[in-house]
Amino acid sequence: MGAMTKLSFPFTAEKIRVRKAGEMVFISGVAFTGRDAVNRLKTLFLSFTLCAAVSVQAQLPTTSPKAAGFDPARLEVMHATVKRFVDEGKHAGIITLLARDGKIVDFQTYGFRDVERQLPMERDTICRAYSMSKLITCVATLMLVEEGQLNLDDPVAKYLPELKDMKVWTGGTADAPQLEPLKRPITIKHLMTHTSGLFYDFSAGNAALEKIWREADLWSGSSLTNFIAKLAKVPLLHQPGDAYTYGINQDVQGALIERVSGKTFGAFLEERIFRPLGMVDTSFDVPPEKMSRLAKTYKHGPDGKFVEDKPILEDWPEKGRDLEAGGSGIFSTAGDFARFAQMLCNGGTLDGQRILGRKTVELMTANHMVTLLNHQAAARQKGFGLGVEVTTDLGQLSMPSSVGQFGWYGAATTYCQIDPKERIVAIAFAQHFPFNEHNFFAAFQTGYYQALK
């Protein structure tokens, strides 16, 4: 659908002039015979209708803060708070979006997407979503569960047999690891709840094990099949189901979706989620004609000034340069991601397009950490469902929220939270490493909740 905005004839929607002279009809100065003119006008009408549909579909409708139950003056307090993060040099640029009852209430941009060229953050700026990709991957997995192609308790090896004989780390060194076999198979639910024993090669808290994983070179190349083949040779941090360990689980889910659906993971998402939801700027790559809209990702240099940082996990925007990584690889805009989040807030549907069933969304957003051993769930600030964190107890938090609020974040300081009770979707993109370095999320969340009437 996105390609429909590029028309193959020399006319624009702003001004089409039609005049008749004898047997000829002139449309914006170009001559046609009577029949050709009728056909061309039909083509123009259809094309502009489709373009208008894409434009409307690409963003949620809008309303005033007051009509949506926000105090405009108190929203200005939030604006000032967010602006300070840019003015004080903490973040190069930020985009924030708030929606309530399916309508955008507040959509703001601050600072720059490219500091060196002084290009501002804009509403259609394309950003690296990083781990917010996990939300999309988990929805895609649940779609296959609904269709009876998967069960949450299925062993992953049923679909990815390469992973059947993975081993579990018990000690030793990188050169002489001590391993044990699986006590139980890794299930799809283990992947979705980050209880599989998979991790990131910078997050295990175990230098020897991290070294083994780094040397496996998981992220090189563009084939998820090769990714799985390499993953099969490295050990897990712990037995599946024994603990929550944040890791590369959704990257495995992407490979699983490819294997089950018979489509590339990117093609599955485009066909089943992005296109139905009108997410016209969301993909695993950024096409050349949109590259100027891509934000740079910054960190602070030794002198405190912003310097561009290279992507983590080889997440490059050029097509075919990296994996279609379900845990980190998606590029999107705030407007696009708000449409996805609104679908979840609506119980799985948006604009007549049902992506998930209502009861499946309820299952997704329940706290599945209660299955962990040794009361690990009680020590957590939030619960965790099937790919989403979930607020279960306001007394565990240091910022306003609602019981049942759910969502996730991305490594480049990106934020998505969905509050079904207050019917709020909140999105923020900052494009900054390290993750949430200046505690922006707490300030933003406090800001929008304090503005509610």
Can you tell me which residue in the range 213-222 is modelled with the lowest pLDDT, limited to those that are within 16 Å of Asp322 (Cα to Cα) and surrounded by fewer than 14 Cβ atoms within 10 Å (Cβ to Cβ)? Ser220
Leu363 under 30 Å from Asn226 (Cβ atoms), aliphatic (A, V, I, L, M) and assigned by TED's automatic domain parsing to the domain that holds Glu437: no
Tell me the residue from Ala377, Ala442, Ala426 that is in the same structural domain as Val307 (by TED's automatic domain parsing), surrounded by 20 or more Cβ atoms within 10 Å (Cβ to Cβ), outside any loop (DSSP other than H, G, I, E, B) and among the small types (Gly, Ala, Ser), please. Ala426
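Sort out for me the helices (runs of 4 or more DSSP H) sitting completely within the range 155-253 that have 3 or more residues that are within 21 Å of Thr141 (Cα to Cα). Steps first, answer last, please.
Details: elements: 188-192, 207-215, 224-231.
Because the criterion is at least 3 residues that are within 21 Å of Thr141 (Cα to Cα), the helices (runs of 4 or more DSSP H) in the range 155-253 that meet it are 188-192, 224-231.
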Please name all residue pairs, on different chains or six or more residues apart, with Cβ atoms under 8 Å, provided the first residue is in the range 299-318 and is in the same structural domain as Lys90 (by TED's automatic domain parsing) and the second residue is in a loop (DSSP other than H, G, I, E, B) and among the polar types (S, T, N, Q). Glu308/Thr297; Asp309/Thr297; Pro311/Thr297; Ile312/Ser328; Leu313/Ser328; Glu314/Ser220; Asp315/Ser328
Could you pull out the residue among Gly348, Gly410, Gly404 that is in contact (Cβ under 8 Å) with a residue 60 or more places away in the chain and in contact with a Ser or Thr (Cβ under 7 Å, 6 or more places away or on another chain)? Gly410
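For the range 259-289, give me each residue that is of a type in the set (D, E, K, R), touching a residue at least 60 places away in the same chain (Cβ under 8 Å) and either closer than 20 Å to Leu191 by Cβ or surrounded by fewer than 18 Cβ atoms within 10 Å (Cβ to Cβ) (or both).
Filtering the range 259-289 for residues of a type in the set (D, E, K, R) gives 259, 263, 270-272, 275, 281, 285, 289.
Retained after the next criterion (residues that are touching a residue at least 60 places away in the same chain (Cβ under 8 Å)): 259, 272, 275, 281.
Selection gives Arg259, Arg272, Arg275.
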Is it the case that the range 142-159 has a residue that's in contact with a helix residue (DSSP H, G or I) (Cβ under 6 Å, 6 or more places away or on another chain), buried (at least 23 other Cβ atoms within 10 Å of the Cβ) and closer than 28 Å to Pro276 by Cβ? yes
I'd like the full set of residues that are more than 14 Å from Ser283 (Cβ to Cβ) and of a type in the set (A, V, I, L, M), limited to the range 317-350. Ala334, Ala338, Ala341, Met343, Leu344, Leu350
For the range 305-337, how many residues are crowded, with 23+ Cβ neighbours inside 10 Å, part of a helix (DSSP H, G or I) and among the hydrophobic types (A, V, I, L, M, F, W, C)? 2
Gly387 - would you say it is surrounded by 17 or more Cβ atoms within 10 Å (Cβ to Cβ), part of a strand (DSSP E or B) and either at pLDDT 95 or above or in contact with a Phe, Trp or Tyr (Cβ under 9 Å, 6 or more places away or on another chain) (or both)? no
Cβ-Cβ below 9 Å, separation at least six or inter-chain, first residue in the range 168-193 and farther than 15 Å from Ala243 by Cβ, second hydroxyl-bearing (Ser, Thr, Tyr) and surrounded by fewer than 15 Cβ atoms within 10 Å (Cβ to Cβ): which pairs? Pro177/Thr170; Gln178/Thr170; Leu179/Thr170; Glu180/Thr170
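Out of everything in the range 81-134 that is part of a loop (DSSP other than H, G, I, E, B) and closer than 25 Å to Leu386 by Cα, what residue ends up being nearest to the chain's Cα centre (by Cα)? Spell out the reasoning first.
Filtering the range 81-134 for residues part of a loop (DSSP other than H, G, I, E, B) gives 88-92, 101-102, 115-118, 121-125, 129.
Those still in the list that are closer than 25 Å to Leu386 by Cα too: 101-102, 129.
Values: Asp101: 21, Gly102: 18, Ala129: 5 Å.
The selected residue is Ala129.
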Give the residue that is surrounded by the most Cβ atoms within 10 Å (Cβ to Cβ), with candidates limited to residues of the range 111-132 that are in contact with a Gly (Cβ under 6 Å, 6 or more places away or on another chain) and at negative phi. Ala129
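The values are calculated or read from the model by the stated rules, or taken from the named source; none is laboratory data. None of the values given here were measured: they were computed from a predicted structure. Glycine also receives a Cβ, built like all others from the backbone with ideal geometry; neighbour counts cover every protein chain displayed.
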